[in-house]
Amino acid sequence: RSFYGDLLRCPEGRSSPEWVDFNLYGHQVVAHLAPDETKLAATNAVDGDNVPVRHFGVVLPMDEWQSLADRLSAAGQSFIIEPHVRFKGQVGEQATMFFLDPSGNALEFKAFKDLNSLFAK
């Protein structure tokens, strides 16, 4: 609750003592208590970064992404990949950051200089 609710500011939906539904920027994330299920994912190289293979993410408007990056940094959040811009000057130029939730799930938050390039090749 403190990570998704307080730090990421995701509104809470239904819940029980074992799980909580969160509204992650319009998408449902269900956080279950399952300590034996946590382990780090393997990584693949992407534009010089070791990106976690198993991850999910959210695309935000650039100003919202920057605000979140600033808030996370100020809160002392550890990053797998620090907030930065990758594919600079190329199709798909994007701001990105990766970090883990308390269960070890890798999260990516990104924003595009041009949102139309989200799936461009």
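Projected label points at Leu115 and Gln90, each 7 Å from Cα along the beta carbon direction, are separated by 2.4 nanometres. Apolar share of the accessible surface for the chain: 51 percent from carbon plus sulfur atoms, 1.4 Å probe. Of Trp19, Trp65, the residue with the largest accessible area leads and the full order is Trp19, Trp65 (1.4 Å probe). About its Cα centre, the stretch 43-115 has a charge dipole of approximately 100 debye under the convention of +1 per Lys or Arg Cβ and -1 per Asp or Glu Cβ, with nothing else charged. With 0.36 nm allotted per residue and the present C-alpha distance subtracted, the Asn50-Ser73 stretch has 6.3 nm of extension available.
Solvent-accessible surface of the chain, taken per residue with a 1.4 Å probe and all protein chains present: 62 Å².
Just checking the listed ones, Pro83, Pro35, Pro17: in the Gaussian network model of the chain with Cα springs under 10 Å, the one fluctuating most is Pro17. Angle of helix 62-74 to the longest C-alpha principal axis of the chain, folded into 0 to 90 degrees and rounded to 10: 60°.
The values are calculated or read from the model by the stated rules, or taken from the named source; none is laboratory data. This structure is a prediction, so every number in the text was calculated from the model and none was measured. Heads up, the Cβs are rebuilt from the backbone with ideal geometry, glycines too, and the neighbour counts pull from every protein chain shown. When the accessible area is computed, the model is the full protein with side chains, heavy atoms only, and any ligands, DNA or RNA have been set aside. Shrake-Rupley method; radii C 1.70, N 1.55, O 1.52, S 1.80 Å.
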